[in-house]
Every structure is written in structure tokens, then in C-alpha cells.
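Taking it in order: structure first as C-alpha cells, then the write-up.
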Amino acid sequence: MRRAPLALAFAILLGGCQPATHAPAPAPDGATHAPFAFDEASIADLQAKMTAGHLGSHALTQAYLDRIAAIDKAGPALNAVIELNSTALQEADALDAERKAGKLRGPLHGIPVLLKDNIDATPMANSAGSLALAGHHPGADAFIVARLRAAGAVILGKTNLSEWANFRSTRSTSGWSGRGGQTKNPYVLDRNPCGSSAGTGTAIAANLATAGIGTETDGSIICPSAVAGLVGLKPTVGLVSRSGIIPISISQDTAGPMTRNVADAAALLTVLAAADASDPAASERKDPTPIDYTTHLKAGALQGARIGVVRKLMGYQPDTDAAMARAIAAMQAAGATVVDAQIPTLGQWDAAELEVLLYEFKDGLNRYLAGSNAPYTSLDALIAYNRQHAAQEMPYFAQELFEQANAKGPLTDRAYLAARDKARRLAGPDGIDAALQAQHLDALVAPAMSPAWPTDPVGGDHFLGAGYGPAAVARYPSLTVPMGQVHGLPVGIVFLGAAWSEPRLIELGYAFEQATRARKPPRFLKSL
């Protein structure tokens, strides 16, 4: 999870037929990395090659495994992948056999995908990056993993994350976990990948898989996507199941796609979005009719659109503001009317949100641990484990948030219920909805995030500002798309919409992407 203003108090918490080709990336040691055959390849690129008989899923999966060995475990040593799926090649073989027999499951058939290491996926561990759960092997896939596999995706492995989705300490370092160590930013290796879906962001930016899945409570899809030059889509809470995902907040948690282009995010969301009877938020979706989000890839969607710029979510970094000014000009050139907009309650929900997360983390984590045959069955037991293994688990920062959450009572407490209702109202109906309705806007926009800061395990994250917080607390969708670079570091624009407005956000984000073509692949520079 990644927090905005209050994050200064408790840090980052809980993404054609031929592949594009680029010049080989300079290696940190001055050598040159060999070109990768599937560099920047999209789902559509790869499906076209497989349909033509020029590629099989086994060969594609092996190519990504080789890529991981070459630059994640060696070379720049990105340290994005925490565990590989030992059955990935067998899964690919089975899908190749189905294709040969004329059975195609859909656009994801044979496509390798990486998952954040807080999502249940057999036969791998699900650890949230903690050594306490390094041996925890759930007996079944999470709902969304079952959906991905049914759609033909190859689960390539799991990615590192900020431990416990960055909800352990008020001064944590994003991208670090006791089990996985520190993930690097692939653009500049001494810079931070942001969190908590840090490994997914770095891995997909560096072409270690075709696409990835992250999770977000407040910024953990948007932030790592933005600093890695990716598209990140955080859905409305309830659109995508949370069952089988290690939780922070039943109010705000969701999984979502992290990809190199909007089309791939739309293809993944089409598979991920489905009603799960075991997820109480699923009932909030009034119309459960499946949507093919790829039908909303409309290059002309900015023509006639009304976009509101939330300037109070700017002003923390001048180069980011300059990039945002160019993004605004690009939207205007594409036919959009762009006006200044105000979220009247901006930031007024911060204290209530933290109270909600502390209550819900204890309740949700205890439920997950007890129901998944984990080796430790309560937050209290995990706190004790960390104290007993402090040299391994707490070499840089402690567990203040764990301890604060453990002191909270049940979800029937009046303090919790009041905070939950206040946060949702201020960010949603009185916040985003009020801003949209005041000027009849299609979406709000702001810079998604500042450029990546230097990783500092001693001082923690150097957070400047971000634009994703209102949607996270309101439980509404947000979409980040690359808008440029600042001294070689990617920055993104974030589109915020009303509940269930994913189709419109995809339209706007795709049109912006096609107008700007701002993504550039990483060069693995040592430092600026």
C-alpha cells in the first residue's frame, strides 16, 4: 500500500505480429546486454505469432525463464522475482497441446504472467515477503489465479514485494522484504521501485514476463507502475475477487493488472473481473454482466471528453509538474476540454483511513492465517516471530503498524464503524463524485507519483506526493499511464473515475497512450 499526505507519517503501504525491438540496454558494468527476442511484446503480438505457428508457449516461457536468470539473478540483478513456478513449463506444454488440438481458451492462452507474492498460487509459497511464511504453501489457488489459469495463462512465478504489503512499519523501505531482499528500479538501479507491488513493477518493466498482477490498498498498483513506466489499473473494490490474497483492508484491497500497455491491462481485467460469492464486496456491483474491456480501446476517446486537473495533487516536484503540463497539452490536442477541478474534502479522510486499516488488518490477517493452514495463525504470533528473528526481519525498520493494529478491537467497535463511514463518504460521494458532478467531468487527472527516489534502507522512503489516494479510499477505480520521463526516470498520469467507471477510464487512458507513446524500456543505469 502506498500512502499520500499521511504517508509522511507512516510510509508506503499497500502493478504488429513482431515484437518491438530496441537497442540493447547498457549494462551496469559497461557491457551490453544481448537483445531479448520478446522485448516489449504485447499479448496481441505473442498471440499472433502463436496463431501463425511461429511460437509456442513452451518456447516463450523458457525465454522468460532465461531472461530472469540473465538480468534478475545476474547482470543488473534486479531481484524482482522471489520464486519461480516449478510447473511453469509443464503448464506451457499442456497449453501447446491444447492449441495443437484446436482448443483455444482465449487471448491469454499460453501467455506467461507473474503474480505478487501475497496471492495464493499452487505449488508456490505465499509469504507476503515474510520469512515466517516462507514455508506456507496454500492448498488451492486464489480465485483470480483460478480465473487466469482457466483462461490459459501460464503462471511463471511470484514477485517480491514490500513485506506485508508495506503495512508493518511507519518507516519502511519499499521493495524490501525479509524473504526477498531489496528489489531495484530497472531504470536506475539505485532508485526505489515503490511499493508494495515493487517486484511486479520492476519485472514487467524489464520484460521478465508478458504481464503481471499486483494488489493495492492505497497506491500499491499505481505507484510501482508509474515509476516503472507501466500501465497500472486499480479496479473498483468488488470488481476483482480478493479471496486467497493476504489482506490489509476489506474496505480498500483489490488486485489488478500491471502491464506495458493499456490493451494488455484491458485483456487481463476482462479475465480477472468476475463475481466471487465468497467476497462480500462482489455484491456491490449492481450489474454483474461480464464486460470485454478490450472493446473500450478507442483511440479517439479524448475527443469531446471533459477532464478535470486536480492541481492540489501537484506542486511537489517541478519536473513532474512540467511533464503534467505536456500531458494536459496532449489531451487538449486530442480534443479534450481540460479544466481545473477541486476535490473539496481532499486529505480530510487521512486519520480515519489509518484507523480503518489498523482495525481491518488485524481482523483480515487473522482470518486468512487461520483459514489457510499457515504456520503462524495470528498477528500476535507474527509479532513474536519478528522479535525472535529481528536480525533477519527487522535489520532496518521495526513493526510499529503491526503493534498498533494488534491493539485494536473487533470490527463491531463504534470507533471503527465511524471511521470507515467517514473515510468512504469524504473520499467518495463528498470527494471524487462531487468534483466530477460539479463540472460534468469524465475523469479527474493528476501526476500519479514523483520520480523514483534513491533507495534508503536506513532513512526509509523519501515520499514527495502522489495522485492516487482519493480513489483508493473511495474504493473507486484509477488508471496510470506513462506520460514521460524526468532525467531518465518514468512518471505517469493517473485517471480517477466514479465507481465502476473502468470502461471509460480505459477509453481515456488508451487514447492518451496512443497520442503520446511515452513509454520507454529501461536501460538499467547504475545511477544518475
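The table below gives the values:
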read-out	value
Reference-scaled alpha-carbon Rg (2.2 N^0.38 Å with N residues) for segment 222-342	1.24
Debye intensity ratio in log₁₀ form over the Cα atoms of segment 295-454, taken at each q of 0.10, 0.17, 0.19 Å⁻¹	-0.62, -1.03, -1.11
Surrounding net charge for residue 180, when Lys and Arg each add one and Asp and Glu each subtract one, Cβ distance under 10 Å	-1
Hits among lysines - C-alpha to C-alpha of residue 116 under 28 Å, sequence gap 8 or more where chains match	49, 73, 158, 184, 234, 362, 408, 520, 526
Cα point-scatterer Debye curve for segment 213-292, base-10 log of I(q)/I(0) at q = 0.14, 0.21 Å⁻¹	-0.43, -0.93
Inverse mean reciprocal Cα-Cα distance (Kirkwood Rh) of segment 384-462, Å	17.2 Å
Value of [θ]222 nm, deg cm²/dmol, for the chain, DSSP H segments ≥ 4, -39500 (n - 2.57) each, nearest 500	-9500 deg cm²/dmol
Charged-residue dipole, Cβ positions (Lys, Arg, Asp, Glu), the chain about Cα centre, Debye nearest 20	460 debye
Neighbourhood charge, 12 Å Cβ-Cβ cut-off, centred on residue 59 and excluding it, Lys, Arg +1 and Asp, Glu -1	-2
Test item: Cα-centred dipole of segment 110-261, Lys/Arg +1 and Asp/Glu -1 on Cβ, debye	140 debye
Carbon and sulfur %, accessible surface of the chain computed with the full protein complex present, 1.4 Å	55 percent
Net charge contributed by nearby residues that have their C-beta within less than 14 Å of residue 132 (K/R +1, D/E -1)	-1
Lys, Arg +1 and Asp, Glu -1 on Cβ, resulting dipole of segment 432-528 about Cα centre, debye, nearest 20	400 debye
Cβ crowding within 10 Å averaged over residues, with 137-148, 372-383 ranked highest first	137-148, 372-383
Residue-normalised accessible area of the chain, given per residue in Å² at a 1.4 Å probe	33 Å²
Calculated log₁₀ intensity ratio I(q)/I(0) where the Debye formula runs over C-alpha points of the chain, q = 0.08 Å⁻¹	-0.43
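The values are calculated or read from the model by the stated rules, or taken from the named source; none is laboratory data. Only a predicted model underlies this, so the values are computations on that prediction, with no experimental measurement involved. Cβ atoms come from the backbone with ideal geometry, glycine included; neighbour counts cover every protein chain shown. The area values use the complete protein model at the heavy-atom level, side chains included, leaving out ligands, DNA and RNA. Shrake-Rupley method; radii C 1.70, N 1.55, O 1.52, S 1.80 Å.
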